[in-house]
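Below is one structure, written out as structure tokens; comments come after it.
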Amino acid sequence: MSIDHTNLTGRISAGPDGLLRTEILEPQLRFELACLLPHYVRLEKVLLAEYARMGLLTGEQVGLISGLLDRATPDAVERSARGAMSDLVFSLERFISQRLPEVPPAWHVDRSRNDLQASAQVLYGRARLLDTAELLIELGRAAGRLAARTGGLMMPGYTHMQAAQLVSPAFYFSALAEQLLHTLSRLEPVYLTASACPMGAGAMAGQELGWDRERMARLLGCESVQRHALRAVSQRDWALEACAEFSMLGVALSRFVTDLMIWGGTGYGYLDLPDDWSGISSAMPQKKNFPVLERIRGRTAHLHAAYHGIATAQRATPYSNSVEVSKEASAQVPAAFDTLASISRLLTGVLDRLEFNEERLARACEAEYFGGFTLANQLTLRAGVPWRTAQVVTGRYIVAAVAKGLPPAEPEPALLEKVLAEHGYATPLAETLLREAMDVTAALPAKRTAGSTGPEPMRELLATQEAEFDQLASAWAARRTRLADADAELAAVLAEAAGARA
């Protein structure tokens with residue numbers, strides 16, 4: 001059965017071809033019906049409010065169309081798609097038109113799909129950013145909770161994959177919280193980008209009627225108007241910026257998860273997850289695996305793919321509206337939001353269930369000469385040995401002690417005195433300096449600077465982070481409230497317009 005498309009445009013009289021429908025139009029329509037339809041409906045209601053304000057639609061017409069928009073479910077609109085080139089904007093228009101006793105001549109006058117598409121995508125991105133911020137805040141709180149309950153533990157800190165200095169799990173997971181706070185601070189301007197309204201830009205050069213762009217933006221809950229018509233329809237800054245931030249966060253989260261994988265592995269055994277969050281080997285019954293960590297790390301790669309996809313797809317396009325920019329370039333963006341949401345939920349679950357093996361941590365802390373840095377400091381400060389020489393002396397003492405099989409907890413003052421003498425120095429404090437420097441229980445309190453692993457700086461930082469997460473939660477909740485207020489204002493405007501008489 002052929003379908004007449006001349007009621008959509010006078011330029012072509014047939015189509016789309018079946019292959020185009022199957023490969024391009026129908027998949028796009030399914031996505032837009034599932035994700036963008038509520039935003040298109042909202043945009044259509046704002047258009048109604050403007051048509052009423054300009055005196056182009058009567059109150060009765062506004063009421064009829066508004067009521068039909070409320071009935072525009074995905075299934076209902078999809079049934080109109082076959083005769084509308086499988087395009088959501090045309091399908092929604094056809095859905096309304098078919099149910100009106102008479103289509104008002106001025107309805108959709110001076111309109112373009114281009115700024116409607118850009119606006120619907122902006123509203124979608126804004127909604128997803130709200131959800132994403134809330135998940136990242138909860139992940140940050142989970143990191144804070146884990147830090148709070150591990151503040152009394154010590155563990156080796158590593159540089160270059162080698163034991164370096166003593167830290168605490170609290171210190172480590174407060175770094176994860178700090179990373180998330182950084183990302184959340186960068187998502188705020190992304191949200192502002194996604195809250196700049198393209199409505200009124202038209203196809204690319206603006207519109208001919210006196211549209212009140214500020215009013216349209218306010219009724220959509222937007223923070224501002226996208227002030228240049230060409231930029232409004234040619235660029236998808238919000239998606240590019242969001243995916244860039246997700247990609248950068250993915251790098252950091254991948255590194256944190258890599259540490260958890262290492263610490264839970266053979267030779268370390270620092271941490272554990274409950275059995276119902278663990279896996280097994282089909283052939284090696286002695287193994288307990290943590291595949292959830294591999295899943296999380298693997299999924300961070302998809303965040304990079306989404307950013308590269310949108311950046312590469314836009315890179316060689318003309319600076320104007322095109323399907324390549326508006327649809328193909330952003331094809332992986334919804335998946336990027338979904339992936340980061342999954343990563344956030346899974347990692348939050350891991351952090352809330354993670355347990356540390358205190359005995360293994362204690363043995364690891366006692367096994368290495370973590371006090372080398374402190375010993376060099378004290379040789380300088382209390383024995384007058386120049387700093388670089390103190391470094392050399394400490395290093396040679398540790399090499400000699402290891403060669404003799406001496407553990408850090410059993411220092412040999414005579415050996416330190418011998419090394420000092422070889423460099424022209426002496427001190428009566430050799431035994432005191434060694435015992436104090438190699439005392440693992442003194443390592444954390446010795447760190448006193450803000451942001452360090454010391455217990456007091458840690459308590460202060462965790463309290464500050466908790467307050468910052470509270471502030472962020474309030475700020476993002478206020479943005480949701482603003483959108484709800486805009487919805488209420490739009491409903492009131494339409495009700496008032498529908499109550500007016502021609």
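The values are calculated or read from the model by the stated rules, or taken from the named source; none is laboratory data. Here the structure is a predicted model, which is why all the values come from computation and not from measurement. Using ideal geometry, Cβ is built from the backbone for each residue, glycine included, and neighbour counts are taken over all protein chains shown. Note: areas computed on protein heavy atoms with side chains; ligands, DNA, RNA excluded. Shrake-Rupley method; radii C 1.70, N 1.55, O 1.52, S 1.80 Å.
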Report, by residue number, each residue of the stretch 152-182 that is assigned to a strand (DSSP E or B) and of a type in the set (A, V, I, L, M, F, W, C). MET155, ALA163, ALA164, LEU166, VAL167
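Tell me which residues, restricted to the stretch 188-218, are assigned to a helix (DSSP H, G or I) and either more than 28 Å from ILE137 (Cβ to Cβ) or aromatic (Phe, Trp, Tyr) (or both). It would help to see each step written out before you state the result.
Let us first name the residues in the stretch 188-218 that are assigned to a helix (DSSP H, G or I), namely 188-193, 213-218.
If the condition is that a residue be assigned to a helix (DSSP H, G or I) and either more than 28 Å from ILE137 (Cβ to Cβ) or aromatic (Phe, Trp, Tyr) (or both), then TYR191, ARG213, GLU214, ARG215, MET216 are the ones that fit.
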Considering the stretch 486-502 alone, what residues qualify as being open to solvent by 50 Å² or more (accessible area, probe 1.4 Å), more than 14 Å from ARG42 (Cβ to Cβ) and assigned to a helix (DSSP H, G or I)? ALA492, ALA495, GLU496, GLY499
By residue number, the members of the stretch 216-229 that are surrounded by fewer than 18 Cβ atoms within 10 Å (Cβ to Cβ) and charged (D, E, K, R) are GLU223, ARG227
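Let's see how each residue does on (1) closer than 22 Å to LEU88 by Cα; (2) β-branched (Val, Ile, Thr); (3) open to solvent by 60 Å² or more (accessible area, probe 1.4 Å):
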residue	(1), (2), (3)
ALA120	yes, no, no
LEU146	no, no, no
LEU166	no, no, no
VAL190	no, yes, no
MET204	yes, no, yes
Residues to consider are ARG42, ARG30, ARG53; find the one that is in contact with a Lys or Arg (Cβ under 9 Å, 6 or more places away or on another chain) and among the charged types (D, E, K, R). ARG53
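A quick yes/no check of all residues on (1) over 16 Å from VAL350 (Cα atoms); (2) under 23 Å from the mean Cα position of the chain (by Cα); (3) of a type in the set (A, V, I, L, M):
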| residue | (1), (2), (3) |
| --- | --- |
| LEU123 | yes, yes, yes |
| ALA147 | no, yes, yes |
| ALA163 | yes, no, yes |
| SER174 | no, yes, no |
The conditions are (1) within 30 Å of TYR270 (Cα to Cα); (2) without any contact (Cβ under 8 Å) to a residue 60 or more places away in the chain; (3) part of a loop (DSSP other than H, G, I, E, B); (4) open to solvent by less than 40 Å² (accessible area, probe 1.4 Å), and VAL385 fails exactly one of them. Which is it? (1)
When you check ALA232 against the structure, is it crowded, with 16+ Cβ neighbours inside 10 Å, free of Cβ contacts under 8 Å to residues at least 24 places away in the same chain and not in a loop (DSSP other than H, G, I, E, B), yes or no? no
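Mind listing just one residue for me: the one in the stretch 388-417 that is assigned to a loop (DSSP other than H, G, I, E, B) and of a type in the set (D, E, K, R) and, of those, nearest to the chain's Cα centre (by Cα)? I'd like the intermediate steps shown before the answer.
Going through the stretch 388-417, the residues assigned to a loop (DSSP other than H, G, I, E, B) turn out to be 404-412.
Then keep just the ones that are of a type in the set (D, E, K, R); that gives 404, 410, 412.
Working: LYS404: 52, GLU410: 49, GLU412: 52 Å.
Here the answer is GLU410.
Here's the yes/no breakdown for (1) surrounded by 22 or more Cβ atoms within 10 Å (Cβ to Cβ); (2) assigned to a helix (DSSP H, G or I); (3) among the aromatic types (Phe, Trp, Tyr):
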position: LEU56; (1), (2), (3): no, no, no
position: LEU68; (1), (2), (3): no, yes, no
position: VAL77; (1), (2), (3): yes, yes, no
position: SER80; (1), (2), (3): no, no, no
position: LEU92; (1), (2), (3): yes, yes, no
position: ARG99; (1), (2), (3): no, no, no
position: VAL109; (1), (2), (3): no, no, no
position: GLN117; (1), (2), (3): yes, yes, no
position: ALA127; (1), (2), (3): no, yes, no
Taking first residues from the stretch 451-480 that are over 30 Å from VAL440 (Cα atoms) and second residues anywhere that are of a type in the set (Phe, Trp, Tyr), the pairs with Cβ under 9 Å that are 6 or more apart or on different chains are TRP476/TYR191; ARG479/TYR191
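Please find, among GLU359, GLU355, GLU328, the residue that is out of contact with any Phe, Trp or Tyr (no Cβ under 8 Å at 6 or more places or on another chain), closer than 30 Å to GLY264 by Cα, acidic (Asp, Glu) and touching a residue at least 12 places away in the same chain (Cβ under 8 Å).
On the way: GLU359 fails: touching a residue at least 12 places away in the same chain (Cβ under 8 Å); GLU328 fails: closer than 30 Å to GLY264 by Cα.
Of the residues listed, the single one that is out of contact with any Phe, Trp or Tyr (no Cβ under 8 Å at 6 or more places or on another chain), closer than 30 Å to GLY264 by Cα, acidic (Asp, Glu) and touching a residue at least 12 places away in the same chain (Cβ under 8 Å) is GLU355.
Is it the case that PRO274 is without any contact (Cβ under 8 Å) to a residue 40 or more places away in the chain and more than 28 Å from ALA331 (Cβ to Cβ)?
Details: without any contact (Cβ under 8 Å) to a residue 40 or more places away in the chain: no; more than 28 Å from ALA331 (Cβ to Cβ): yes.
Against the criterion (without any contact (Cβ under 8 Å) to a residue 40 or more places away in the chain and more than 28 Å from ALA331 (Cβ to Cβ)), PRO274 does not qualify.
Conditions (1) crowded, with 16+ Cβ neighbours inside 10 Å; (2) touching a strand residue (DSSP E or B) at 6+ places or on another chain (Cβ under 8 Å), marked per residue:
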position: GLY140; (1), (2): yes, no
position: GLN207; (1), (2): yes, no
position: GLU214; (1), (2): no, yes
position: GLU245; (1), (2): yes, no
position: VAL251; (1), (2): no, no
What is the number of the single condition among (1) more than 18 Å from VAL190 (Cα to Cα); (2) crowded, with 17+ Cβ neighbours inside 10 Å; (3) in contact with a Ser or Thr (Cβ under 9 Å, 6 or more places away or on another chain) that GLY264 does not meet? (3)
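With respect to SER185, is the statement that it is polar (S, T, N, Q), part of a helix (DSSP H, G or I) and either surrounded by fewer than 23 Cβ atoms within 10 Å (Cβ to Cβ) or touching a strand residue (DSSP E or B) at 6+ places or on another chain (Cβ under 7 Å) (or both) true?
Numbers: polar (S, T, N, Q): yes; part of a helix (DSSP H, G or I): yes; either surrounded by fewer than 23 Cβ atoms within 10 Å (Cβ to Cβ) or touching a strand residue (DSSP E or B) at 6+ places or on another chain (Cβ under 7 Å) (or both): yes.
Yes.
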Within the stretch 418-446, residues small (Gly, Ala, Ser), assigned to a loop (DSSP other than H, G, I, E, B) and under 21 Å from MET458 (Cα atoms) come out as ALA443, ALA446
Pull up the stretch 305-359, narrow it to residues that are of a type in the set (S, T, N, Q) and not in a loop (DSSP other than H, G, I, E, B), then point me to the one that is surrounded by the most Cβ atoms within 10 Å (Cβ to Cβ). SER344
